[in-house]
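Right, one structure below, let's go through it.
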Amino acid sequence: MPEQEQALQLDKVKQKILWPNVSTSPVNEFNIDGMCSLIFPKLFPFGKGDPTKKSRPQHVTETQGFNHLLKYATKDPTNNQYYYPFAEHPSVIKISICDRISRHRTLDQTKVYFNQNQGDANLTLTDLKKMINDGSAEQILKRMTPYSANITGSNAYWYQRRCELETTFEQKKPATIFFTFSYADNHWIDLHRLLPGGYSDDPKVRYKNVLRNPHLVDWYFSVRLNEFLQIVFDGTLQCEWRWHRYEWQARSSIHAHGAARFKNDPGLTELTTKVYIGRKCEKELISQNISDDRRSQILDLIKQGKEAEETVIKYAETLLSATNPRTCPSCNTTPETHPCTIDFTNLNPEQHLKDYEDIINCVQRHVCRPDGYCKSKKGNNKCRFEFPHDLIEKTEIVFKETENTVIADIKLKRNDPNLNVHNIISCHHWRGNTDMQIILD
């Protein structure tokens, strides 16, 4: 009798819940209604709220439905606190959702392509293989590539973004700096006040809370970065134009890379060209017998190069720094109150120098670990960011000549081999790891 009661109870559960049937052949996601309810019965036990369910009173796209679910919160009966069941679910559902949306978007673009290129719609698999083998598939690939640019994350999508940035460089002049902003997600108090449970003094609790709420963590980063760029870059540093994109590290932590041009840019690329020409003229002056007219011309170009170099170095040293105010950076110890948790606007002017010293020694010094993310994947186990750097007593511009081009780089005055190049104002107000590089060519 107990076995019969257990079987009846299980049958009732299967009737109540959309329990998936076991089969040796895969199901067709285009013919099955409520696919997510079958794949994730724990999240959709009664099929309600499933974005893939087509029988609903009002039409809602799958993208809209999944965006809503990531923001859906409910109370945990064990502690009476709110939590986000869909956002906290292991990454399987998020990967599945992203894959499904990308595939459906690809199929939609395929329909558009065939409507506008009806001759390709009749090609068979044999025809395509023949085109690949004889090298004639390049034309059809060129026709297909622009259609995949609407698919977020595809190679064509990022190529289009790259072309937009290159066009900005051409139309609005090149950027002044390339920047990176990283997240102090375990220390920012304002972030943890937004997360369920609020701010905790226990770092382990904060770490778990960040992992449980990736949607809020990423959203806050984008809001804070945009506000920071608007106030500090646009307002204080007088930014003319800027562009940035987001990336995620292996530990799922978000960060941003971007480029910006400032209104006070003295024309770094043009000045760097003059520096290079002046350097070449110096070699020509030493190595060749030249006429008086040519000598006069060369001396003038050398003078222009010297003046341009002085302007570039002065501008770079005003904007950026690679100097550590702490005389013994290897003796670095994190203060009792972590610098990333401090609000700079609450400090007195007398505290600014000490705050700058604490923040850069806490978040701006690079640490190369044996299996760290910075290690080159080419097998030489070298740091991709070339740390530790050589100590330099005086800022200089260097040129690397290759067969097809010349690469210009500026080596800032440096007394710490592991310190990131940074902007002091940004360090004070961002309260996290940053990196900035001058763009010379």
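Assorted remarks:
- Cα-based helix-to-principal-axis angle, 214-228 vs the chain, degrees rounded to 10: 30
- Based on C-alpha pairs under 8 angstrom that are at least 6 apart in sequence, region 27-116 has a relative contact order of 17 percent.
- Mean residue ellipticity (222 nm) of the chain, computed from DSSP H runs ≥ 4 via -39,500 (n - 2.57), nearest 500: -14000 deg cm²/dmol
- The chain, relative contact order [Cα under 8 Å, separation at least 6], %: 13
- The angle separating the long axis of helix 62-71 from the principal Cα axis of greatest extent in the chain is about 80 degrees.
- Taking label points 7 Å from Cα along the Cα-to-Cβ direction, residue 131 and residue 223 give a separation of 4.8 nm.
- Hits among lysines - C-alpha to C-alpha of residue 303 under 27 Å, sequence gap 8 or more where chains match: 173, 263, 274, 280, 283, 314, 394, 400, 411, 413
- Rounded to 5, the percent of DSSP beta bridges in region 268-438 classed as antiparallel: 90
- From the coordinates shown, mean projected area of the Cα convex hull in nm² corresponds to which of [x] 22.9; [y] 34.9; [z] 29.9: [y]
- Selection from 186, 231, 45 lying farthest towards where the dipole of the chain points positive, charges on Cβ: 45
- Estimated distance in nm for a label pair at residue 367 and residue 212, the labels positioned 7 Å out from Cα along Cα-to-Cβ: 2.6
- Packing rank of 182-190, 30-38, where each peptide gets the mean count of other beta carbons within 10 Å, highest leading: 182-190, 30-38
- In terms of the mean number of neighbouring beta-carbon atoms within 10 Å, the peptides 297-305, 389-397 order highest first as 297-305, 389-397.
- Cross-link reach list, aspartates and glutamates versus residue 129, counting only Cα pairs under 16 Å and skipping chain neighbours closer than eight places: 120, 138
- Between residue 249 and residue 120, the contour length at 0.36 nm per residue exceeds the Cα-Cα span by 42.4 nm.
- Ranked by the mean number of other Cβ atoms within 10 Å per residue, highest first, peptides 409-419, 115-125 order as 409-419, 115-125.
Since every read-out is calculated from the coordinates, none of them should be taken as a lab result. It should be emphasised that the depicted structure is a prediction, and the values quoted were computed from it without experimental measurement. We place every Cβ from the backbone using ideal geometry, glycine too, and count neighbours over all the protein chains shown.
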